[in-house]
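To start, the structure under review is shown below, and the notes come after it.
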Amino acid sequence: MKLAGLPKFMFVSILAGALLLGLSGCGSVAKNSGHNLSLTAGNWSLTATSSGADGVFYIGGNVNQSGTALTANLYVTGSLCFDPSATTAFTGSVSGNNVTLTSAIVNSQVIAITATGTSGSALTGTYTITGGCADGDSGTIGAAVAPSLTGTWNGPVIGSGGSNVTLSMVLTQAAQASSDGTFALSGGVTYTGSSCSLSGTISSGSVAGPYLILSVTTIEQDESNASFTYQQVYVDNTTSPPTMTGQYQVTGGNCDGDYQTALILTKQQ
């Protein structure tokens, strides 16, 4: 196409039209390129507070984001209508600051979550449950990435071979989630003031949201082996320093049968 022979005013008109078209195109791209939240990777902990008489329960585990799509393997604990040991699959999406998650059908019931956030590490919103034994329950929900449990946790143990026994637990939390949505825990324990146990190694452990379970093999004072479980443990990250509370039970050894309904361990700063 030859432009040299065109009248000057026509050339200017063509140039102005091209500029307007270019600006119009840029405007339309900007309008459609909205910013979506990028959720922080890690162990998500959701606290659900019922607007009725169902109290508080928890949802936790790993959430994966791919573009605007969400998938998650989560665990529901503290509810009479869900098995805390069973994985519940969720799917959802991110649109701007809005997040939705909907569970698969579990015991004929579905949890639907709608939340918003100004950052990718904390959300607030609502939930509803349809079907099953929790049908019709609804309320508010707060979600955040739970701090790592890696560190040293101490607390007094009732019984266990002494009147002033302390259990010290050194935990390491895996940075990446397992395929079931939990984060593995490893480490060891030591006792102070116990006539039964000296130390131990975590044989299995995991955390999902605020809920964790540990099994520990111990070495006894007579060099034999025993074990204990630390179950139904909930971490309270709202306190400073954080604490965890759960059931402690010993199997084998001279302290066989020792049981504590609420062993409280505090994270050392």
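The values are calculated or read from the model by the stated rules, or taken from the named source; none is laboratory data. All figures in this text were calculated on a predicted structure; none of them were measured in a lab. Ideal geometry is used to build each Cβ from the backbone, glycine not excepted, and the neighbour counts take in all protein chains shown.
The number of residues in region 80-120 that are among the hydroxyl-bearing types (Ser, Thr, Tyr), touching a residue at least 12 places away in the same chain (Cβ under 8 Å), assigned to a loop (DSSP other than H, G, I, E, B) and more than 15 Å from SER45 (Cα to Cα) comes to 1.
Of the residues examined, SER95 is one that is more than 17 Å from VAL233 (Cβ to Cβ) and surrounded by fewer than 22 Cβ atoms within 10 Å (Cβ to Cβ). In region 238-269, of all residues being more than 20 Å from the chain's Cα centre (by Cα) and charged (D, E, K, R), the one that is surrounded by the most Cβ atoms within 10 Å (Cβ to Cβ) corresponds to ASP258. The residues on offer are GLY139, GLY155, GLY125, and the sole one that is part of a strand (DSSP E or B) and within 18 Å of TYR230 (Cα to Cα) is GLY155. ALA112 fulfils the conditions (1) surrounded by fewer than 16 Cβ atoms within 10 Å (Cβ to Cβ); (2) farther than 17 Å from TYR234 by Cα; (3) of a type in the set (A, V, I, L, M, F, W, C) except for a single criterion, (1). Would you be able to say whether some residue in region 218-235 is under 27 Å from PHE57 (Cα atoms) and small (Gly, Ala, Ser)? Within region 218-235 (the criterion being under 27 Å from PHE57 (Cα atoms) and small (Gly, Ala, Ser)), the answer is no, since none of the residues qualifies.
Take the conditions (1) in the same structural domain as GLN231 (by TED's automatic domain parsing); (2) surrounded by 15 or more Cβ atoms within 10 Å (Cβ to Cβ); (3) more than 16 Å from GLY60 (Cβ to Cβ); (4) among the polar types (S, T, N, Q); ASN164 misses just one of them, which is (2). Among the residues of region 174-212, those identified as of a type in the set (A, V, I, L, M) and in contact with an Asp or Glu (Cβ under 9 Å, 6 or more places away or on another chain) are LEU198, ALA208. Per the conditions (1) in contact with a Leu (Cβ under 7 Å, 6 or more places away or on another chain); (2) exposed (fewer than 14 other Cβ atoms within 10 Å of the Cβ), the sole criterion not satisfied by SER206 is (2). Residues that are on the phi > 0 side of the Ramachandran plot and in a loop (DSSP other than H, G, I, E, B) within region 166-196 comprise GLY181, GLY193, listed in sequence order.
For (1) at pLDDT below 95; (2) in the same structural domain as VAL207 (by TED's automatic domain parsing); (3) under 21 Å from LEU37 (Cβ atoms), each residue gets a yes or a no:
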| site | (1), (2), (3) |
| --- | --- |
| PRO84 | yes, no, no |
| THR88 | no, no, no |
| GLY92 | no, no, yes |
| SER95 | no, no, yes |
| THR102 | no, no, yes |
| VAL110 | no, no, no |
| ALA115 | no, no, yes |
| THR118 | yes, no, yes |
| GLY131 | no, no, no |
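Going by what's in this entry, would GLY209 be described as on the phi > 0 side of the Ramachandran plot and within 14 Å of the chain's Cα centre (by Cα)? In short, yes.
Of VAL157, VAL170, all but one fail to be in contact (Cβ under 8 Å) with a residue 60 or more places away in the chain and under 22 Å from GLN269 (Cα atoms); the exception is VAL157. When LEU23, LEU70 are screened for being farther than 26 Å from GLN231 by Cβ and either modelled with pLDDT under 95 or in the same structural domain as ASP180 (by TED's automatic domain parsing) (or both), only LEU23 passes. Sort through THR192, THR245 and tell me the only one that's farther than 22 Å from PRO84 by Cα and of a type in the set (Ser, Thr, Tyr). Just a single option satisfies the conditions, and that option is THR192.
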